[in-house]
1. If a residue has to be within 21 Å of GLY58 (Cβ to Cβ) and not in a helix (DSSP H, G or I) to count, how many in the stretch 1-46 make the cut?
2. Of the conditions (1) among the polar types (S, T, N, Q); (2) out of contact with any Phe, Trp or Tyr (no Cβ under 8 Å at 6 or more places or on another chain); (3) in contact (Cβ under 8 Å) with a residue 24 or more places away in the chain, GLN39 fails just one. Which one is it?
3. Just one of the numbered conditions (1) at pLDDT 75 or above; (2) among the aliphatic types (A, V, I, L, M); (3) surrounded by 10 or more Cβ atoms within 10 Å (Cβ to Cβ); (4) in contact with a Gly (Cβ under 9 Å, 6 or more places away or on another chain) is not true of ILE3; which one?
Amino acid sequence: MSISRTKDVDYLNMLGEELAKKYNNLTYLHADFKKNNGQDIGVDLFKKIGIYRQCFCGCEFSKKY
């Protein structure tokens, strides 16, 4: 999720840490794939290899946009 420009990576990392504490067998790896144009690179790669990407996450809230 941290590849999207619209997601708060600090919040996502905080949630990941909390879940790792709650579930002993879970290891959370911090990541921020937005760095160095990560989202653009991902979009270009998906186009190049022909993988479909939808414009929204699919949840009921994103359907409004």
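The values are calculated or read from the model by the stated rules, or taken from the named source; none is laboratory data. These numbers come from a predicted model, not from an experiment. Backbone-built Cβ (ideal geometry, glycine too); neighbour counts: all protein chains shown.
1. 10
2. Of (1) among the polar types (S, T, N, Q); (2) out of contact with any Phe, Trp or Tyr (no Cβ under 8 Å at 6 or more places or on another chain); (3) in contact (Cβ under 8 Å) with a residue 24 or more places away in the chain, only one is false for GLN39: (2).
3. All conditions pass for ILE3, except number (1).
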